[in-house]
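Let me begin by presenting the structure, written as structure tokens, before commenting on it.
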Amino acid sequence: MKEIAYAAPRTVADAVAALKQANGNGKAFAGGTDILVQLREGTRNADVLVDLKKIPEMTEIRQLPSGDWQIGAATPCHRIESTVPFAEGYPGIIDGVHIIGGWQIKGRASLGGNLCTSSPAADSIPALIAHHAVVKIVGPDGSREVPVSEFCTGPGKNVLKPAELVASFVIPAMLPNSSGCYLRFIPRSEMDIAVVGCGTTLTVEKDTIKQARIALGAVAPKPVLAEEAAAWLIGKPATIESFEKAGEIARKAATPISDMRGPAEYRTHLVGVLVKRSLMTSLRRLRGERVDVLHDKLV
Amino acid sequence: MATANETKTSSYRVIGTRPIRHDGVDKVTGRAVYGNDVQLPGLLYGRVLRSPHAHARIRSIDTTKAEKLPGVFAVISSADIDPHESKMAELGEGSVNLQYLCENVLARKKVLYKGHAVAAVAAVNAHVAEEALKLIEVDYDPLHAVTWVLDAMKDDAPILIDDLKTEGAPLPHSKGPTNIAQHIVFSKGDIEKGFAEADVIIEREFKSATVHQGYIEPHVATALWSPDGHLSIWASTQGSFTCRQQTAELLALPVSKVTVTPCEIGGGFGGKIRVYIEPIAALLSKKSGRPVKVLMNRADVFESTGPTPGSFIRVKLGAKRDGRLVAGDAWMAYDAGAYPAGIIGPGCVCVFSCYDLPNARVEGFDVVLNKPQTAAYRAPGSTNAAFACETVIEELAEKLGIDPIEFRLKNAAKEGTRRPDGPAYPVIGLVETLKTAKAHPHYSATLEGPNRGRGVGCGFWMNAGLKSSVTAHVNGDGTVTLVEGSTDIGGTRTSIAMQLAETLGITAEEVVPRVVDTDSVGYTDVTGGSRTTFATGWAAHDAAIDIVKQMSARAAEFWKCSPDEVTFDRGLFSSKSHALTFKELAGKIQETGGTITGRASVEAKGVGATFGTHIVDVEVDPETGKVKILRYTAVQDCGRVIHPSYAEGQIQGGVVQGIGWALNEEYVYDADGRMRNASMLDYRMPTAVDVPTIEPVMVEVPNPRHPYGVRGVGEVPICPPPAAIGAAIYNAIGIRMYELPMSPPKVCQAIINEASAK
Ligand SMILES: Cc1cc2nc3c(=O)[nH]c(=O)nc-3n(C[C@H](O)[C@H](O)[C@H](O)COP(=O)(O)OP(=O)(O)OC[C@H]3O[C@@H](n4cnc5c(N)ncnc54)[C@H](O)[C@@H]3O)c2cc1C
């Protein structure tokens, strides 16, 4: 490893300027829990690290007058988790945030970093997609908004252009009678990368499914929506049988590879299991039950 | 977690108690000096360039650019070390072929596995050293690789070592070059006759993946080659003398020119006996004229040190309707890795070691292939074998309708049972562990709920004796300084000191144990083979007897009586008219002729083998194939337990490693023979939340041939878990697993196959 310069701008504009000046050799640095590891292992290179954690706008979490929530891209996971009104309203997003590493990692790791690393197995992305989250991107040519579902383009690849930053996430207000869930399957109980991840949201009125959204992780080059399965659910009774059928349909959206984390057929099989279980948890939650997915019997 | 010792009144005062370990405070305060804590003036940092190929010829190595990088002090490759011919050097627990050791340390003409060391750099800091590695140009000619043992045995397999000859039993049909390094055949009785008598015969095939010991501390060594020709090494090693001898042989130095200081060690489990980076650090020091520290990273540890063999095993057992085993046949092929390794030897000894088989045959193969050279791992070879044999035992018990523990009791090895490899057992405790397990509340507890099951399994390890030396100096304040050469991995400072204390009638706290370098104590073999509390403890006992003899003579002089009139009992020297405690007499030794030093060097015979019987409850997720361990009880014959906490710790640690081996750990290879998961993230050892509390139950069948009845404790607990967990999975979901690890994808696939077969 060679020497790397460090910049700590106070505004988003300065951060963009610093990245621009680095001319392709700068890297944004939020929690550092991905980038430091990658630099050390030699899978990424940088001459300058631009620290985002000193930028107030990028590290705050607040509810907007519309009821939507805005989360600064560099806000550490632990702060998101301990913001009670957010955590209570979005248990599905918290499921993902909660399992990103242990205490030490969560004290640093951010949603922006998780998204911008753009791993197909990232744990926060499927639930963000299921919740219709949108990112605000700021760059040398101004700012734009992109839905999280369209952000990643392949393993480690995304829509960011040179010197662009993700400034914040906007997560729409929850509809009534709705909730969400994120489940991942790992062979151990902790310290593992998702073999399959599944984020869902569900809206149910009088036992009939009004809306559903299903996003899958680790089964394609990027997190994907299982649109056919979600569409099939509309108007169906909110039962385990419906969720099982949705799981079967969702398997079609999976195009996994075989690697050291699991064979392709196994991943496809797990999609069905996780979609069913995740929808079931969303249902239990929207009916008022508190479900801790890490210790739930079903999971 | 009580031992028999703590519940009955023991005649011992120190043995069987739980004093605080002597090295405890240093370890919990972070003061203990581990290998990477060693700092010397002018220290350089060494890094090793490793092969990206699993199998390739080296056409050339060009180090010129690396040598020119500012901050680089030395670059070496195999050109810097004289070749060795094929010659064996004794290492205490096992021996080593110097040619292979030399080529493993730095590849010469070929690289035989991904991670094989090719060159090394010493630089002003680790970053410069790493940048320099990138500047070394190696021209490889890649060859086909083979990583599955049965493939490596085929006639058309890629050959790793052109002049390899099969040792051991002749192989009539083998011609030409081979990857079979060793062929073993043991037999007893007449298996054809035996199987003819059997009412039930079951034959199964088993596969197991390569697994690593997974010690937390990576290998690290610091070397200083002084201008006077003396080489000093500070290392993380299980055996300072073994390290000294290998390094001296490789570098053609007399052993007296090499001093090895064993640092505190963060685990070894058999993996820190062979040298890897010690000779490299030495050569870099010689070339640079400075001390050099070489540190491995985790990927190096996985890819370039010695994991334990993957294997293929076929076991066939026959029994009479009444449950008596009549014959057993085992065919076993173990990975040697890149060079002959011989873990197959103990594998063959262990496969039928728990049972009294009148007729048996065991055939084994040590097979060279493109993985790192395998090494010992806690009861090396025995876990693979136990998984196979114990699973067939379970199936037989089921078929015969006999309770699995009852079935084992009917056939259990006892004193006098002859193993297929020859030796007859002295006093052993397998039956006692089986009876204790059967009576344990866990075995009869109801296990409710779907997809849950209970399994049992047994395991065996022979343990080692070997050589140990200690000296013990009596201090004026009544304490004794105990100087020893055994690396303390699992609390042996204390378990050895306790045997000295018991013999002298003093407390464990009155002994000051010191693990010292190879110049400061007599030859001592490795901390391995579960031998240290047994053999170095024996030496401590003998040194204490030596002290008692000398102090009795001093007392006689002091009391002006004949030495025969002085008796010693539990710390009190007395004659007809006088008495002095050990401490009082110690206070007078300077006035009665000066310091007393006890000493002993033993070659410990009379090793006591160890058996364990484990009970485990699991729950299987039928949709994902994930297995959760609900409850675990490990019954083990520990011989006389010296320090119960450390014996319990050994049992718990061994079980955790066995659980990892059973459920998730494996080397995953790609089509080109490269390991894909060389990190703690993807090589899935159990974490603290993956295992429940493991309840150790210690049965004490003292070893009659050891002064304090000690048997080795540390290795056998890793052997039963895979088989016991396999049995529990079967009892949970009705499916037998024949392949390790029993990971979620494999269990899930087996469930799907079973469902579609119905
Ligand atoms: C021990 C450990 C356990 C982990 N466990 C998990 C886990 O369970 N699940 C999981 O998904 N991940 C896990 N991770 C990975 C990592 O912690 C997460 O991906 C985390 O969210 C990354 O956030 P960060 O702020 O640390 O990112 P950083 O490392 O700071 O940045 C990551 C990448 O994103 C870029 N970047 C960061 N912020 C921005 C931004 N605002 N705009 C543009 N680019 C940006 C950086 O340049 C870099 O390329 C783990 C990591 C470790 C070390």
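Computed from the coordinates by the stated procedures, all read-outs in this text should not be read as laboratory data. These numbers were taken from a predicted model, which means no experiment stands behind them. Because the Cβ atoms are built from the backbone with ideal geometry, glycine has one as well, and the counts that use them run over all protein chains shown.
Net charge near residue B:590: determine it from the other residues with C-beta under 12 Å of the C-beta of residue B:590, scoring Lys and Arg +1 and Asp and Glu -1.
After counting each charged neighbour, the total is 0.
Placing unit charges on the Cβ atoms of the charged side chains and taking the dipole of the protein assembly as shown about its Cα centre, the candidate lying farthest along the positive direction among B:282, B:294, A:134 is A:134. How would you classify chain B from its alpha-carbon gyration tensor, with a ≥ b ≥ c the square roots of the eigenvalues: rounded for a/c under 1.5, else prolate if a/b is greater than b/c, otherwise oblate? It is oblate, given that a/c is not under 1.5 and a/b is not larger than b/c.
Our helix-only sum for the protein assembly as shown, with -39,500 (n - 2.57) per DSSP H run of n ≥ 4 divided by its residues, gives a mean residue ellipticity at 222 nm of -8500 deg cm²/dmol. Legend: mean number of C-beta atoms from other chains within 10 angstrom of residue C-beta atoms, peptide A:254-266, equals 4.
Here the residues B:354, B:102, ranked from fewest to most Cβ neighbours within 10 Å of their Cβ, fall in the order B:102, B:354.
Look at the dipole of the protein assembly as shown built from charges on Cβ: of B:469, B:687, A:87, the Cα furthest out on the positive end belongs to A:87. Estimated at 0.36 nm per residue, the fully extended path between residue B:567 and residue B:415 surpasses their Cα-Cα distance by 51.1 nm. Within the listed set A:156, A:113, A:272, the Gaussian network model of chain A (springs between alpha-carbon atoms below 10 Å) gives the highest mean-square fluctuation for A:156.
As a calculated quantity, the FRET efficiency between residue A:153 and residue A:20 at R0 = 22 Å, using C-beta atoms, amounts to about 0.50.
Å³ per residue of the Cα convex hull, for segment B:218-291?
Hull volume over Cα atoms, normalised by residue count, gives 73 Å³.
For residue A:62 and residue B:679, a Förster radius of 30 Å and the Cβ-Cβ distance give a FRET efficiency of 0.20, rounded to the nearest 0.05. The Cα center of segment B:425-504 and the Cα center of segment B:26-45 differ in position by 30 Å.
Under the definition of Cα pairs under 8 Å and six or more residues apart, what whole-number percent is the relative contact order of segment A:178-286?
Values: 240 pairs, mean separation 34.7, N = 109.
In percent, rounded to a whole number, it is 32.
Put a dot 7 Å past the Cα of residue B:331, heading toward its Cβ, do the same for residue A:3, and the two dots end up 6.5 nm apart. In the structure shown, do any of B:316/B:438; B:207/B:371; B:316/B:626; B:87/B:175 have a Cα-Cα gap over 18 Å, and if so which? In this structure, B:316/B:438; B:316/B:626; B:87/B:175 lie more than 18 Å apart at Cα. Selection among B:119, B:38, B:12 by position relative to the dipole of segment B:11-131 gives B:12 as farthest towards the positive end (Cβ unit charges, Cα centre).
Decide, for segment A:178-286, between rounded, prolate and oblate: order the square roots of the alpha carbon gyration tensor eigenvalues as a ≥ b ≥ c, take rounded if a/c falls under 1.5, and otherwise choose prolate if a/b is larger than b/c, else oblate. Prolate shape, in that a/c is at least 1.5 and a/b is the bigger ratio. Relative contact order for chain A: 15 percent, from Cα pairs under 8 Å spaced at least 6 residues apart, divided by residue count. For a paramagnetic label modelled on residue A:289 (point 7 Å from Cα along Cα→Cβ), amide N atoms under 20 Å away belong, within segment B:612-638, to B:621-624.
Total lysine pairs in segment A:178-286 at Cα distances under 12 Å, for residues eight or more apart or on different chains: 4.
Here the 3J(HN,Hα) profile of segment B:10-15, calculated from phi with Karplus coefficients 6.51, -1.76 and 1.60 at θ = phi - 60°, is 9, 7, 8, 9, 9, 4 Hz, Gly and Pro shown as x. Listed by chain and number, the lysines whose C-alpha is less than 28 Å from the C-alpha of residue B:68, apart from same-chain residues fewer than 8 away, are A:2, B:109, B:110, B:114, B:134, B:286, B:287, B:293. Run the simple label-point estimate for residue B:34 and residue B:68 please: 7 Å along Cα→C-beta, distance reported in nm. Here the modelled spin labels are 4.0 nm apart.
Near residue A:55: Cβ cut-off under 12 Å, other residues only, Lys/Arg at +1 and Asp/Glu at -1. The net charge is -1. The residues neighbouring residue B:195, those whose beta-carbon lies less than 13 Å from its own, together hold a net charge of -2 under the Lys/Arg +1, Asp/Glu -1 convention. Label positions at residue B:630 and residue B:475, each projected 7 Å from the Cα along the C-beta direction, are separated by 5.3 nm. Taking 0.36 nm per residue of separation and subtracting the current Cα-Cα distance, fully stretching the chain between residue B:192 and residue B:444 would add 86.9 nm.
Say a paramagnetic label sat at a point 7 Å from the Cα of residue A:191, along Cα to Cβ; which residues of segment B:202-221 have their backbone N under 15 Å from it? Output list for this probe position: B:212-218.
As a calculated quantity, the FRET efficiency between residue B:165 and residue B:255 at R0 = 25 Å, using C-beta atoms, amounts to about 0.25. Across the protein assembly as shown, the fraction of Cα-Cα pairs farther apart than 41 Å, rounded to a whole number, is 49%. Taken about its Cα centre, segment A:178-286 carries a charge dipole of roughly 160 debye when the Cβ of each Lys and Arg holds +1 and the Cβ of each Asp and Glu holds -1.
Straight-line cross-link partners of residue B:467 among the lysines, defined as a Cα under 19 Å from its Cα and at least 8 positions apart when in the same chain: B:272, B:605.
Dipole size in debye (nearest 20) for chain B around its Cα centre, Lys and Arg Cβ +1, Asp and Glu Cβ -1?
With Lys and Arg at +1 and Asp and Glu at -1, about 300 debye.
Only Lys, Arg, Asp and Glu carry charge here, each on its Cβ (+1 for the first two, -1 for the last two); on that basis the protein assembly as shown has a dipole of about 940 debye about its Cα centre. Straight Cα distances below 24 angstrom link residue B:583 to the lysines B:549, B:560, with same-chain residues fewer than 8 positions distant left out. Figure legend: label point modelled 7 angstrom from the Cα of residue B:579 along Cα→Cβ; residues of segment B:471-512 with amide N under 20 Å from it are B:478, B:502-507.
Ordering B:118, B:483, B:28, B:149 by the number of other Cβ atoms within 10 Å of each residue's own Cβ, fewest first, gives B:28, B:483, B:118, B:149. Each Cα pair under 8 Å and six or more residues apart adds its separation to the average, and for chain B the resulting relative contact order is 15 percent.
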